[in-house]
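Report on the following structure.
The values are calculated or read from the model by the stated rules, or taken from the named source; none is laboratory data. Since the structure is predicted, the reported quantities are computational estimates derived from the model, not experimental observations. Cβ atoms come from the backbone with ideal geometry, glycine included; neighbour counts cover every protein chain shown. Ligands, DNA and RNA are excluded from the accessible area calculation, which covers all protein heavy atoms including side chains. Shrake-Rupley method; radii C 1.70, N 1.55, O 1.52, S 1.80 Å.
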Amino acid sequence: MPQSLRVALAGLGTVGTGVHTVLTRNAEIIQQRSGRSVELVGLADLDLQKATALSQGQCPVFSDALVMLRELKPDVVVELIGGYGFAREFVLAAIGQGCSVVTANKALLAVHGRDLFDQAQKAGVTIGFEAAVAGGIPIIKALREGLTANRIEWVAGIINGTTNFILSEMRDKALSFEEALSQAQALGYAEADPTFDIEGVDAAHKITLIASLAFGMPVNFQAAHIEGISKLSSQDIAYAEQLGYRIKLVGLTRRRENGVELRVHPTLVPSRQLLANVEGAMNAVLVKGDAVGQTLYYGKGAGSEPTASAVIADLVDLARLNASSGQTTSVPMLSFQPEHLQDLTVLPIADCETGFYIRLRVLDQPGVLADITRALADGGISIDAFVQRPPQHGVQEAEVVLLTHRCIERNLRLAISRMVQLPSVLNEPITLRVEDLA
Ligand code: HSE
């Protein structure tokens, strides 16, 4: 019988508990698939009582994960501590000890991944991070293995369940952002401090990792353009609906001739698109490859057992390696062989190309529309659709909503700056980006 894969688990929150539960419940089938058993040899949590209760005497428990690492010398550590502080120290210590790492910590990898992947490579160990992107959806494996024949053209994802839940509630129940956020908090979707979710940071961590795998570039979170949903009004959700679109917080990365687009922002997606119909706290990722065309991956992006499912998939990959031959990795961590990773330019948002939604208040008088459309036409921007809300009784103002065809954002911003100088335009227009994902 081959030796078991010896796993030490640090961080026994929702996901850590799920990993313990699923590894215990499905031990037999996991062994049949791995060719050897995946054994929890130690548990660590600041709350030692919690660790003791979970272990039930089956393995030693520790309040200090670094002590666990030193004493047990496991084959692999599972890092579910979170954050960039102690978690980083722990991961670096594990790598330094020649130990592979499996983590769900997207923030750590997005911000410090360049160094961490590099260190792991040099140490001949691997960092598995299936659980860091879209929870239970095997999108890392799909990009790294299933789609490996393809030149990836773009990836677009709904990769934050909290914001997707909030947007679904705003649309279905005509709630304001604040009302929908309170609902999300009451139901336990949103954190007490929901900033990372609602401001798009969590989704940006994830799309940064996806871009690295898709295009073979080191992680470059600092270059990502990030906008959240906290300023989104339910009026725009309703107008989008009238025009045949839904507003989603989309993380998108696209290979262009002059660089890579890497951005997260509220986006109008055609209602007929499957991605537009992903509702509630669910996640979905749409990938366009040159050979395969579009493929769509859908599932739970968070939660105890869905995320544990992804953590254990990484453990099984490690267990399947031929330990006796000293093999420590099979598939490169960022999909491309390390010597072929390239520091591709991430394009500033002004150079990105999308369609636009523009809402503005204007005086209801002859020639106003002609002036607005002239401002767009002068920038070479073509109009795709248009709606106007009739003026209220006694008010000489109208609200106009336009959709444009794709254009470079810099040109759109110039056209808007010309528009606001028109005496008939009464406010700074609201703009949102549109992606047909065709
Ligand atoms: N907070 C994330 C979400 C889950 O709402 O999708 C963990 O990344």
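Based on what the data block shows, is ARG359 away from the ligand (no atom under 16 Å from the Cβ), touching an Asp or Glu at 6+ places or on another chain (Cβ under 8 Å), of a type in the set (D, E, K, R) and not in a loop (DSSP other than H, G, I, E, B)?
yes
Is at least one residue of the range 234-242 at pLDDT 95 or above, open to solvent by less than 10 Å² (accessible area, probe 1.4 Å), in a helix (DSSP H, G or I) and under 30 Å from MET333 (Cβ atoms)?
no
Kindly provide the set of residues from the range 401-421 that are under 13 Å from TYR357 (Cβ atoms) and of a type in the set (S, T, N, Q), ordered by number.
THR404, the sole residue that qualifies.
Can you tell me how many residues in the range 200-227 are assigned to a loop (DSSP other than H, G, I, E, B) and within 12 Å of the ligand (Cβ to nearest atom)?
1
Can you pull out every residue in the range 93-125 that is under 13 Å from GLU79 (Cα atoms) and in a loop (DSSP other than H, G, I, E, B)?
CYS99, ALA104, ASN105
HIS265 versus (1) closer than 16 Å to ILE137 by Cβ; (2) away from the ligand (no atom under 16 Å from the Cβ); (3) within 14 Å of the chain's Cα centre (by Cα): which is the lone unmet condition?
Every condition holds for HIS265 apart from (1).
Report whether or not GLY136 is in a loop (DSSP other than H, G, I, E, B), within 30 Å of LEU318 (Cα to Cα) and either within 13 Å of the ligand (Cβ to nearest atom) or touching a strand residue (DSSP E or B) at 6+ places or on another chain (Cβ under 6 Å) (or both).
Against the criterion (in a loop (DSSP other than H, G, I, E, B), within 30 Å of LEU318 (Cα to Cα) and either within 13 Å of the ligand (Cβ to nearest atom) or touching a strand residue (DSSP E or B) at 6+ places or on another chain (Cβ under 6 Å) (or both)), GLY136 qualifies.
Just need a number here: residues in the range 157-173 that are under 13 Å from PRO266 (Cβ atoms) and open to solvent by less than 10 Å² (accessible area, probe 1.4 Å). Working first, answer last.
If we filter the range 157-173 for residues that are under 13 Å from PRO266 (Cβ atoms), which is where we start, we get 158, 160, 163-164, 166-167, 170-171.
Those left that are additionally open to solvent by less than 10 Å² (accessible area, probe 1.4 Å): 158, 160, 163-164, 166-167, 170.
Going through the range 157-173 one residue at a time, the tally reaches 7.
Residues to consider are LEU360, LEU412; find the one that is surrounded by 14 or more Cβ atoms within 10 Å (Cβ to Cβ) and in contact with a Phe, Trp or Tyr (Cβ under 7 Å, 6 or more places away or on another chain).
LEU412
Looking at the range 24-47 only, could you name the residues that are part of a helix (DSSP H, G or I) and surrounded by 16 or more Cβ atoms within 10 Å (Cβ to Cβ)?
ILE30, GLN31, SER34
Condition first: within 11 Å of the ligand (Cβ to nearest atom) and of a type in the set (S, T, N, Q). Now tell me which residues in the range 151-194 satisfy that.
Within the range 151-194, ASN160, THR162, THR163, ASN164 meet the criteria.
Report, by residue number, each residue of the range 87-110 that is more than 20 Å from LYS141 (Cβ to Cβ), within 16 Å of the ligand (Cβ to nearest atom) and either open to solvent by 10 Å² or more (accessible area, probe 1.4 Å) or β-branched (Val, Ile, Thr) (or both).
Correct list: ALA107 only.
GLU89 is checked against (1) of a type in the set (D, E, K, R); (2) under 30 Å from ARG70 (Cα atoms); (3) within 19 Å of the chain's Cα centre (by Cα) and fails just one. What number does that condition carry?
Every listed condition holds for GLU89 apart from (3).
Against the definition (open to solvent by less than 50 Å² (accessible area, probe 1.4 Å), assigned by TED's automatic domain parsing to the domain that holds VAL19, in a strand (DSSP E or B) and more than 15 Å from the ligand (Cβ to nearest atom)), how does VAL67 come out, yes or no? Break it down into steps so the answer makes sense when it comes.
Details: open to solvent by less than 50 Å² (accessible area, probe 1.4 Å): yes; assigned by TED's automatic domain parsing to the domain that holds VAL19: yes; in a strand (DSSP E or B): no; more than 15 Å from the ligand (Cβ to nearest atom): yes.
Taking the combined requirement at face value, the residue does not satisfy it.
Tally the residues that are closer than 26 Å to VAL269 by Cα and either in contact with a Pro (Cβ under 8 Å, 6 or more places away or on another chain) or open to solvent by less than 10 Å² (accessible area, probe 1.4 Å) (or both), restricting the search to the range 111-142.
Of the residues in the range 111-142, 8 are closer than 26 Å to VAL269 by Cα and either in contact with a Pro (Cβ under 8 Å, 6 or more places away or on another chain) or open to solvent by less than 10 Å² (accessible area, probe 1.4 Å) (or both).
Being farther than 18 Å from LEU147 by Cβ and hydrophobic (A, V, I, L, M, F, W, C) is the filter here; which residues of the range 279-295 pass it?
If the condition is that a residue be farther than 18 Å from LEU147 by Cβ and hydrophobic (A, V, I, L, M, F, W, C), then ALA281, MET282 are the ones that fit.
Please state which one of GLY379, GLY299 is open to solvent by less than 80 Å² (accessible area, probe 1.4 Å), in contact (Cβ under 8 Å) with a residue 24 or more places away in the chain and within 30 Å of ASP75 (Cβ to Cβ).
After applying the criteria, what remains is GLY299.
Name the one entry in GLU145, GLU191, GLU153 that is charged (D, E, K, R), outside any helix (DSSP H, G or I) and within 25 Å of VAL19 (Cβ to Cβ). Steps first, answer last, please.
Values: GLU145 fails: outside any helix (DSSP H, G or I); GLU153 fails: within 25 Å of VAL19 (Cβ to Cβ).
Just one listed residue meets the conditions, GLU191.
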